[in-house]
Structure formats: structure tokens, C-alpha cells
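Bear in mind these aren't lab numbers, they're just calculated from the coordinates by the rules spelled out. Keep in mind that what you see is a predicted model, and the values were worked out from it rather than measured. FYI the Cβ positions are ideal-geometry reconstructions off the backbone, even for glycines, and counts take in every protein chain you see.
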Ligand SMILES: Cc1ncc(COP(=O)(O)O)c(C=O)c1O
Ligand SMILES: Cc1ncc(COP(=O)(O)O)c(C=O)c1O
């Protein structure tokens, strides 16, 4: 995989900011989009644009084929049954479907919903809102100072036999940690036969080869915009039989079988959970993104990021006063790299680095409990993707040095 | 307004289907998109693409400005406070926010939720699902054989003083009827002081000048894709104070103020209802769509559609065996025109007309109760928009004639 | 792909002069209601079973020419058949509709005229409506509940 | 628009040597906690009011240089002022941050150094954090509940 060649597919990467070439290190927030994705959407709008599923005319048929064709390819990309691919507006909505249509109905007092301290708010707040109504116990696997799950504490929780739902991220968006999801899922199921395993794939699906079965996940939530796709589309991928047994969430067109004034019966999955006009162009775009990633090969993408990590981790640690959060072994982590500069606040760091053309993110990264656990209210995060090159690492290091100098005045 | 010139802005309208120039008469399902909208999104992706609100770097700032700038323009377009503009994935999600965060919490046994028989499933099913949990009475204003609301029955319902929520469409997507929303809203409020008036603007906002205050609506739901905008974005426009008082719906990032492991506090509106990464590019596209519509002027758009109706209604009625559903006076209706051909089923009609290049929709149009009330299980619907011309009407008439001949063999 | 592939003469004939179309069936043990959620087509099917075979059936409904004609042709093809045999024939029809093979062409009788529908994906559900109702009716009969309702 | 517009020397000075920064304030009648939900900045503010004026205040928190320096400069500007006057000054600062005017420049004292922050929209909330906490604290004092917590 040649990242220098790949960059040519991404118009945004040609940009300059504040007079300097853009070094985009914020892909964990959202990735840039290759031309192939933009063109697929453009073509859809210019050629086939029509509402799906309900039309007998040519455009409606073409739109439906494009939409359902993308569903099939996205399903294959994560090893799921197309009937178990529900398109949502983002990963967050996917978690909320599970919180409203599963947790609220199936969990109650005495049940434990086990999450972890490492989770993004999308994999925390929906459960908290459900808990307030359904009254189950919400418990958390603690995170070690090294940014990994405390496996002993996990085992103790699992051993109670009360875990009815286990929610865990496959990869931390703050500290990069790759969790041993398959092992965790197996341990949960061994001691809690009917527990639902929900995996947050928002960071892992864009960066690692993913197979639902190999993960041992019943449900996997992810977003299009972090994996070269457009905004406005996310995915709930899961076991269609479990989805079929769940009551509906959003009501409206498309998700019904029949409607009378008295009530409605519901369509089969995945349509039951796709109320209203779906994000047709966005799904087509995500289909093109998946094609792009498959052409490169997810194993290659991962190898490229490991190579970047092998260079960037020592480079950052080598700067006086800088420390990196999370696992130090590239094999155990993804390319979201949070770091601290002694005495400086991430918000200030982000602003100065931006002036140097280096786009990093500063803040709590929607994972306040984790960041607090790291002993802070914010971190500075540089996150890499397939279009980042080894040549950009010196720019990152220089920007950090400049920032330090600026505040040392 | 010169529709022939306007057509040049819409690439899809240059298409041929089955060897004939496309006559697109399915805008009530989804509209075509002008180049200006596609280009605004393209530009966003190529230039400013970044996640909004949380970044200190240049791209994130630009993306945030584009997103919030579009919010302000869309607010102005419907006469709303920007704080009362919540971006959703479609109109359907907007209704569901109200069903989950208002109806379920504020309505109970003894309260009446008054809807009408004319509603789209998006303005029916969410209330039915809420009713099953909250136990209020769900009642309907009947529709007359002429496709209008039965105002006497409406008044009787309103007079009970038990109406806690009134949900009505401003324009029917099946029979085109324009309802006297301002009068209805005033009548509801006069007899039911705290009632919430919810207006379905999915068909009216694209076709009529809209002002939230003039409508007397507390809440207005509409979709981007029917008003020249992209798929993947809808709007809940309403009174920010009412929204502020509602509990949150979807949980996740962006909608929180603070999150601990024990629970969360929530952001102010509109952010409280915008969980997760929003449809940034789609909102930017919808902003461009609104600019396009404002440049033309909504009064002009409406006048153009009235002119089309003045030609198409008599043209269809003039064909032997054809009858048009709904109001016959163009002043009382929009340009969604459902018609029947004696002895023929809409599905068959749609298929043959498609072969003639004329794209119409056949089915229940997600308004089964209304279509059933019209004495059928389906209608054929030709729906017009600003890019349709008087010259296309003969093509519609010819296609209807051809269809009749085909089945008269 | 012409209109005549879809609207084969035989189909139009069944549409205009449907066989086995009636709102009642004397001695029917089972009655099911199916509908197509996308286009709103509705169909009722009644079955009278004797000695493990379909002695007679009647359908009624509101739907397009394809769905009504297909139900009519189906009636002709399955009356007299044993339940298991009728199920097998329904599967043969389904495969044909999905372009996945041509089995038991002779047994399908006029049903074979629907072959061209496979080229019109949005109409495949129409052609299948009656056959899906049949499968459901047979299952209901076996289950002994005698009533069924499904939206395909 | 240079970095020095944002990080004015006076700001960096307040950041490095904050005034009125302490985790306690003797005799404080009111204490509020504010945070910025977007970046996570947190700030505690304590007020001691006497004769309708701010006799002393103390802030503490975890935040960027802009938010901490602004709270520090605010302390200098408002200690000794009557409550209504301090509120008016807060409004003057808010207007300056939104580029909507320059009022009471002299009274803002070092606060004037934050003028350039207006050009960095994402940092405006940082500069306002302390002032918003102040308004809230005054309101709490008047309401008499003595405790407040808000996320700006
Ligand atoms: C009147 C009316 N209401 C609501 C909707 C739902 O819109 P959407 O499918 O975009 O959510 C539609 C369109 O399908 C409509 O025509
Ligand atoms: C780990 C993780 N989970 C969930 C999400 C939520 O994704 P979205 O905002 O697209 O819904 C994100 C990204 O923000 C994430 O990084």
C-alpha cells in the first residue's frame, strides 16, 4: 500500500491551512473522503435519484438496486447477513435502537448491563437513559492506568451470572487500545448464556479487518463518516433473528406491514428499523467506501497504521515533557494517539498546532469518564489513517516543539 | 419563474428512460437536486470536511460555521428561531422525537391526541406506538369523500377540551389538500390551552411559503430530500422553550453537558436532540437548497404549481374513465395529483407509464388509512414541482391513454 | 425486455377472467389474508383439503393484474395436488421468479407465463403473493388453527 | 490574525501567575461550578458578598490558558464592584467577545486583552467561562441557594 499514491484520491489533503500544507491527524473524529465516494454519490443524484422500495418507475428501481446492492457489500465487509444490516444516521442511533428496543424491554431489576470505563458517550448515555426507566444495574469494567481493561475486574463481574448485556468498544477512540473482544464475548456468554454482546466498531471497522462471527458479537455499531464514507449514515449490524424479535423503535413509513387507524403491524428486518426515507445517497456512498477499502485490503490498512505507530510513538515520547496515553505496543493499539505536554492544556496545544498546519483534536473526545480516569479533563489526540505518511510525522513533532516554545516565552 | 431555464440546473432531468425523455412526476416522493446543492456538498467534502463543534483546528471551525450558518438560513426560511431547529435524519425522526420525548411523557389516560385520517404513516405510527405505552386516547378527524377534513367533526373533538396534542398535515401527499392549519391551530388552542400543535410540513415546506408563527404551529416536521436537498436530513422546527423542557431522546455525544459513570446532564437545545455526529454535509446541502428556493421565491414556486394544476386537472378529468382524487380547486390544493383509471390497478398503470418515460408513483403512498377511505388500496399519483413544465402535461395524458389502450387489447 | 414479457397474453386473460376467484368457499377449513406492504395489494385465500390434497380453493383480493392473474393460474395448477406436492410446486415457482431455475414447467401450467416477471424485480412480489398465501394456508391447515394473516 | 492576537502577553501573564486563584474562600456565601461541554474545561467560582458588593472571589479549575487567564483578569476587574455593576461589566465583556461593541474598556482592565479572542470563535466560550460563572453566582446569591452548577 502506497500512502503517497493514495493521497491523490483525497481532494481535501491537497489543502493548505494558515499557509501551510494540511497535515490531517483527526481521522478518529471523521475521515476524509476519496473521490470515488464523492463520485458515487454525485452519480446517484444525477442519474438514479428517486425514493427507494416503493416505486415502479425506472429511477426508483435503479435507486433501490443501488441501495440494496450497497447493503449486501457492507454486510460482506463485516461478515454479517444483509438482513441484519440496519442503516441508521450514525453509530449513535444504532446504540439507541438497542437501548430502546432491547435494553428497555429485556433488562430489568437484578440484571446487569456491563459496560466499560473506556466507552464513548454513544456507548454510555443510551444505556444510562434506559437504566433510568428499566431499573437494571449499570456496571463498568475499570480501566487501568495504562489504558487497558482491568481483566480481573471483568472476570469478577462476569462470574456473577447476572450480565444480560455487555457493551464494549473494539478500539478506544482516545487511547487507541484494541480490546480482546472475542475473548471477552466468549467469557460473557460462558457465564451468562443469554447475554447480548454489543460491540462499538466505530473505530475498529475503519481500521481493522472485521468479522462479526469472529468477534463473537451479537451486535456491532459503526459510522460511515469515519471509514471514508459520507456523514448521515451509520450501521447496526447484527443477528437478524435477534433483531426480528425486538419491538420497533422509530415509527413511520417503510417500517410497517399494514397500518390502520387502530394500529400497525411491522415489516420484516432490516426494514422494521428503517423508518422513513433512508439515507439513500449516503448508503450508496458508504458502499463505494467499502469497495475502496476492500480494494486496498483491510490487512494492508492495518499494517500501514502499525508502521506509522512504530514511528510516531517513539517520536512523541522522545520529546521532552511529552507523554503518550495508552498501550505502547503498536500490536495492541490503533492509530488514535492521545498525548500530554507537561504544563500545557490541550486546547492551547491544538490551537498552536493548527497554526502549523497540523490538525489534531483537543478535548474529552466524547469519553469524559475515560479522560477523567487518565487524570485529566482533556487530551490532545493525533489520529492517523491510510492516507497519512511517515513524512508527516516530523511535521507533528515540529508542531509540538513549536507549541512548547510558544508557551515557554 | 421560467421552468424551462430552471430545468437546466437539474442534471437528472436530462435523462432518458426506456429511450424516452424522462418526465419526472414523482417529486412528492423525493425531488430532484439542482447542481448548486450537489456542488455545495462536494465543496464541503473537498474543502472543509471535519467533524463539527468539537475541534479547534481550521477545518473543524469551517465545518462548524457552514453547519451553523445553514441552520440560521433554514430557520429563517420557515420563520423559526435557530435554537428551535433540530436536525434529524428525515421528517420521520422528527415526529418520533415528539412521540418519545413529548407524547409519552406529557400525555396520559384522559388526554386526547387528535390526528386526522389524512396523515402519512410518519404522523400516525409514532403516536400509535406512544399510545400503547402512555394510554392516551388517539382520535382522528375524518376525511370527506372529497379528500378534505371534516370540519364539523373536528370542532366536536376540539370542544371536548381534552385535546393535548393535535397532529395535522399542512398538505396531503396523496390528494394534495391544503389544510387550513392556522384556523385549526387557533381552534385547538382556544379550547385546549396547553395543547401542542404539530404540523407535518413534509409536503408544504417544499411548495408553499412557510412561517411557523403564521401557521400557529408549535412544531413543524419536514424533510430535506423533498425540497431540493439531499437525503439523510430532516428538520424538527419548533418553539425552543418547549424543546428545552422536553427530556432527551437519543443519547450520545454532542447532546450532553457532562457525563459521569453514574449519569449525564444535557446540552441546551437544539444540541440536546442532536446526538452523535450530525449529517453535516447534508445540512450544508439543505442550506444550499433553501438558498435556491429563496432566490426563486416561494410565492413564485407556488404560482407556478397553481398554473400547472390549472392545466393538469382538466386534462386528466377529460380522459374517459379517469377521475382525480381530492380538491378540484387549484387554490385549495398542492401539486400531488392522485387519479384512478377505471378498471385498472395503479401498479399496472405505473409500469406502463414508466415505459412511456413518465415516472409516477403507484401504491398507498404511506397513507393507507386515507387511501382506504378513498375506497381503494392504492392510487396512481403524478406530483409536480418547480421544474415541471406545461409541455410535460401532454406526455402525461398520452401515457395514460397508452396505458388504457394496452389493457383494452 | 418488452411490455409483453411482463403482460403475457395468458396473464391478461387470467386477469380479465380469473379462475377460482370467489369471496367464499364452501367447506373451507382454512382462510388466510396476505398483503404486500410496499404497494398495498391484498389477497384472501381459502382452502378445502380432503385426503391430504387440495380439493378446492378460492382467492379474492384487490391487487394488480400480475398478483391477481398469478393467483388465478396458481389455482388451476394446484387444485387436486397433495399438500406436499403443492408446496414443492410453490418452491419451483419461487425459483423461477428469482431467475434461479425452471423446474416442473408442465405442472406450473399457465404459471409458466409469469417467467418474464423475473425481469421486473419490483413486480416479483406481486407474482408471488398468491403462492406465499398458499404456503401459509397449508401451514395453517397443518397447524390446525385455520386462520392466518401475513404481510409479505 | 496572528497567534499574538489570541495569546496576548497579558493573557499569558495571567495564565502563568493567576490572581484570585484558590480552592477555598473564607466566608464565601456562594459557590458555583461551570464547565464547557465541548472541550471539558471546568471552573469553580466562590464569592463573598458584603454590602451588596463583591468583597472577594476565588476561582479554581482545569482549563486552557484562555479560560483560566480570563477568570483571573475578571477577578481583578470585579472585586469591589456592586453586584449590578459587575453584571453590567460581564455584559460588556460578552459583547466584546461577540464583536458587538467596546464598552467600559477601562473598567475591564486586563480583560481588554481578550479582545483578540473574538476572532477565534471556538475559543470565545473559553474566555466567557469565568464571566458566565460570575453571573450565575450572583444569581445564586440573590436567590439565596448558595450553590449552582452549570454547563455552558
Ligand atoms: C406528508 C408526509 N409526511 C411525512 C413524510 C415522511 O418523510 P420522510 O420519509 O422523509 O421521513 C412524507 C414523505 O414520505 C410525506 O409526504
Ligand atoms: C468509539 C466511538 N464510538 C461511537 C462514536 C459515535 O459515532 P457517531 O458520532 O458517528 O454516531 C464515535 C465517534 O464519534 C467513536 O469514536
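Remarks
- Highest-MSF residue in chain B out of B:103, B:264, B:191 [GNM, Cα springs under 10 Å]: B:264
- Amide N proximity, region B:1-26 versus residue B:389 label position 7 Å along Cα-to-Cβ, cut-off under 16 Å: B:1-16, B:21-25
- Taking all pairs of distinct alpha-carbon atoms in region B:205-303, Kirkwood radius in angstrom: 15.3
- Averaged over the residues of peptide B:350-356, the number of Cβ atoms from other protein chains lying within 10 Å of each residue's Cβ is 6.
- Shortest first, residue B:306 label-point distances to identical copies amount to 7.0 nm, with the label point at 7 Å from Cα along Cα→Cβ.
- Divide the volume of the convex hull around the Cα atoms of the protein assembly as shown by the residue count and you get 176 Å³ per residue.
- Fraction of beta bridges assigned by DSSP in chain B that are antiparallel (%, nearest 5): 60
- Percent of beta bridges antiparallel (DSSP, chain C, rounded to nearest 5): 75
- Extended-chain gain in nm, criterion 0.36 nm per residue less alpha-carbon gap, residue A:152 and residue A:16: 44.1 nm
- Counting, for every residue in C:56-66, the Cβ atoms of other protein chains within 10 Å of its Cβ and taking the mean gives 3.
- Efficiency of FRET from Cβ geometry, residue D:16 and residue A:323, R₀ 22 Å, rounded to 0.05: 0.55
- Relative packing of C:49-56, A:306-313, which averages over residues the other C-beta atoms within 10 Å, highest first: A:306-313, C:49-56
- R0 of 25 Å, Cβ-Cβ distance residue C:142-residue A:244: FRET efficiency to nearest 0.05: 0.65
- Taking packing as the residue-averaged number of other Cβ atoms within 10 angstrom, the listed peptides B:286-298, A:246-258 run from highest to lowest as A:246-258, B:286-298.
- Projecting 7 Å from Cα along the Cα-to-Cβ direction, the label point of residue D:9 sits 10.0 nm from its equivalents in the other copies, listed shortest first.
- Near-label residues of region C:54-92 by backbone N, under 17 Å of a point 7 Å along Cα→Cβ of residue C:100: C:87-92
- Of all chain C residues, the one whose C-beta is nearest the axis that brings C onto D, in angstrom: C:37, 21
- Chain A: translational diffusion in µm²/s, Stokes-Einstein, Kirkwood Rh over Cα pairs, 4 °C, 1.567 mPa s: 59
- For region A:127-206, taking the reciprocal of the average inverse distance between every pair of different Cα atoms yields a Kirkwood hydrodynamic radius of 13.4 Å.
- The distance separating the Cα centre of region A:285-321 from that of region D:108-134 comes to 38 Å.
- Residue of B:101, B:376, B:204 that the Gaussian network model of chain B assigns the largest fluctuation, springs spanning Cα pairs under 10 Å: B:376
- Counting from the shortest, the label point at residue A:213, 7 Å from Cα toward Cβ, is 6.2 nm from the same position in each remaining copy.
- Where labels lie 7 Å past Cα in the beta-carbon direction, separation of residue B:159 and residue A:65 in nm: 5.8
- Taking 12 Å as the cut-off, the amide N atoms of region A:182-214 that come nearer than this to a point 7 Å along the Cα-to-beta-carbon line of residue A:299 belong to A:209.
- Centroid-to-centroid separation of region A:88-103 and region B:216-268 [C-alpha atoms, Å]: 16
- Across peptide A:43-49, the average count of Cβ atoms from other chains found within 10 Å of a residue's Cβ is 6.
- Using a Gaussian network model of chain A in which every pair of alpha carbons under 10 angstrom is joined by a spring, one finds that among A:232, A:224, A:161 the greatest mean-square fluctuation is at A:161.
- Cα pair distances of region D:68-152 binned at 5 Å [whole percent]: 3, 15, 27, 26, 17, 8, 3, 0
- Taking all C-alpha pairs of region C:1-47, those more than 11 Å from each other amount to 75 percent.
- Distance from the C-alpha centroid of region A:49-82 to that of region B:5-78: 21 Å, rounded to the whole angstrom.
- Highest to lowest packing among B:177-184, B:323-330, scored as the average C-beta count within 10 Å: B:177-184, B:323-330
- In this rough spin-label picture, where each label sits 7 Å from Cα along the Cβ direction, the residue B:8-residue A:132 distance is 5.6 nm.
- Average projection area in nm² (convex hull over Cα atoms of region D:3-151, one quarter of hull surface): 7.8
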